[in-house]
């Protein structure tokens, strides 16, 4: 156990935890926006899978990382548009519709992979972006300023989303519709338009999360996300639908996962207990969710379709 408490291992663990938190953070931020508008999307994992495959395949064929990211975001946006039509226009039950999106993403990503690729083939991962001076700071630089660009983008989205939700007219409309769509509609706010935009933006971020995961790993395989999208939904509740809370939850999950990986690598956790230890991040997240989420109230109109005049 003493091997873990060295500066080198601790720095590597924190840095790895930040990287592992990135896909969760991107997906959770997008889901939080959608839920603030009153729409629950249980299909996040399916969107991430399609975004991951789209990005992976684009990079595999072109070696263009920017194109891969764009494809992942575009696929997420298209699924967001489709899901918005189902839930806003058709007023379908959101839980069942979301599971349908998840199953579609799971099956389609696997089918496309089998037909277009066949066997896992590595792709070029993101390059590390180092900042002058900051990256050279001992310990701090290695922890926080030795990551790929997508990691920095994910964490910079936190203050941006905080500003948008709390300080802009659009954010005020999203919050109003999530709490009382009838009142918002009476004031001339288009409930359907705002929910459409929130779902498209939210699913675009889920597609970006999948793209970040596939490109960061440099590979794609069946069920690559391994239910990460469902953890991202739980983290929205953990974070009380606030970007800063979502970031905190994502970091908790990422750091716990990183600690487990380091302990397995160092032999601190025996092989016989490795499967049980792998459950630790999810268990800790659920326990934290139970403790934290009950202290906050979810948006009043969450999961409730809006019908004018009713």
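The values are calculated or read from the model by the stated rules, or taken from the named source; none is laboratory data. What you see is a predicted model, and the numbers here were worked out from it, not measured in a lab. Glycine also receives a Cβ, built like all others from the backbone with ideal geometry; neighbour counts cover every protein chain displayed.
Among the numbered conditions (1) farther than 24 Å from residue 220 by Cα; (2) without any contact (Cβ under 8 Å) to a residue 12 or more places away in the chain, the only one that residue 111 does not meet is (1). Hey, does the range 112-125 have a residue that's surrounded by 14 or more Cβ atoms within 10 Å (Cβ to Cβ), under 20 Å from residue 247 (Cβ atoms) and touching a strand residue (DSSP E or B) at 6+ places or on another chain (Cβ under 9 Å)? So far as the range 112-125 goes, no, none of its residues is surrounded by 14 or more Cβ atoms within 10 Å (Cβ to Cβ), under 20 Å from residue 247 (Cβ atoms) and touching a strand residue (DSSP E or B) at 6+ places or on another chain (Cβ under 9 Å).
Looking at this structure, is residue 139 over 18 Å from the mean Cα position of the chain (by Cα), touching a residue at least 12 places away in the same chain (Cβ under 8 Å) and on the phi > 0 side of the Ramachandran plot? For residue 139, the condition - over 18 Å from the mean Cα position of the chain (by Cα), touching a residue at least 12 places away in the same chain (Cβ under 8 Å) and on the phi > 0 side of the Ramachandran plot - is met. Only one entry of 223, 203 meets the criterion of being surrounded by 17 or more Cβ atoms within 10 Å (Cβ to Cβ), farther than 16 Å from residue 20 by Cα and either in contact with a helix residue (DSSP H, G or I) (Cβ under 8 Å, 6 or more places away or on another chain) or modelled with pLDDT of 95 or more (or both), and that entry is 203. Taken over the range 126-139, the criterion of being outside any loop (DSSP other than H, G, I, E, B) and exposed (fewer than 14 other Cβ atoms within 10 Å of the Cβ) is satisfied by 128, 130, 134, 136.
The residue that is farthest from the chain's Cα centre (by Cα), counting only those in the range 143-174 that are surrounded by fewer than 19 Cβ atoms within 10 Å (Cβ to Cβ) and over 30 Å from residue 255 (Cα atoms), is 169. When each of 230, 253 is tested for being part of a helix (DSSP H, G or I), farther than 12 Å from residue 27 by Cα and touching a helix residue (DSSP H, G or I) at 6+ places or on another chain (Cβ under 7 Å), the lone residue that passes is 253. If the condition is being closer than 28 Å to residue 64 by Cβ and assigned to a loop (DSSP other than H, G, I, E, B), then the range 180-219 contributes 218, 219.
Counted as qualifying within the range 1-118 are the helices (runs of 4 or more DSSP H) with 1 or more residues that are within 30 Å of residue 263 (Cα to Cα) and at pLDDT 95 or above, namely 7-36, 44-62.
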